[in-house]
Amino acid sequence: MPALSPRTRRAPVILALAGVTLSILTACVPDATPSGDAARTTPPTVASATPTPSVSATADARLTAPASARVAPTCDNIMDPASGKTVRDVVLPEGAVTLPDYPAVAQGPRCSTDGSPAGDYYTWSPASRTDWDALVAELTTDSAWFTEEGPRGTYLTYKIDGRYNQTFLFTGDAVILAPWKAATDFVIGPPLA
């Protein structure tokens, strides 16, 4: 009889463990269908997998206004006044080397909370789906960056120690950049033209 490889010898054991695990897990889940005369009379409802934006009647119109209907973005006009955050143009030290912006944020101002490159960085920029797709493709290739849907659009972000860090938000025709995911709420873009 030929000798079996270690992998082949482990296969029955792995299958048996999987079967036991599956039977334990299904035994812990109560049957969702009532038995006997109490049979379900209405079909179950399925929640929508796509989040829908919720905007109240008092919400700032800038949350839903298209980029084409706005004035040019500046550090003075992109932040939500209710956030309490103020930002200033980033002033680079003399001789500083600057990297080119991603096309998705190239039309927005360079703003930070203290006006330095070391401050919390914010921007709002008109952007196309093509620019967004290029940004996603570049940052998600072999890295920790990932996308997830949210009420205002699609986030491109990463986590360190379970906490969100620098985050881009694509709203359909603009990109917001903030130092962490929740901070994208501080940016609503420039006012309507």
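The values are calculated or read from the model by the stated rules, or taken from the named source; none is laboratory data. Computed from a prediction, not measured in an experiment: that's the story for all the values here. Neighbour counts are summed over all protein chains in view; Cβ atoms, including those assigned to glycine, are modelled from backbone coordinates with ideal geometry. Remember, those area values only see protein heavy atoms, side chains included, never the ligands or the DNA or RNA. Shrake-Rupley method; radii C 1.70, N 1.55, O 1.52, S 1.80 Å.
In plain terms, the chain from ALA182 to ASP80 could stretch by 35.4 nm, reckoned as 0.36 nm per residue minus the Cα-Cα distance.
Between VAL187 and ASP80, the built amide H atoms are under 5 Å apart, and every one of these is 5 or more places off in sequence or on another chain. Placing pseudo-labels 7 Å out from each Cα toward the beta carbon at ASP101 and ARG88 gives an inter-label distance of 2.0 nm.
The accessible area of LEU92, taken with all protein chains in place and a 1.4 Å probe, comes to roughly 80 Å². Between LYS159 and SER68, the contour length at 0.36 nm per residue exceeds the Cα-Cα span by 29.5 nm.
Scattering from the C-alpha atoms of the stretch 86-147 alone, worked out with Debye: what is log10 I(q)/I(0) at q = 0.12, 0.15, 0.23, 0.30 1/Å? Here log10 of I(q) over I(0) equals -0.37, -0.57, -1.02, -1.15.
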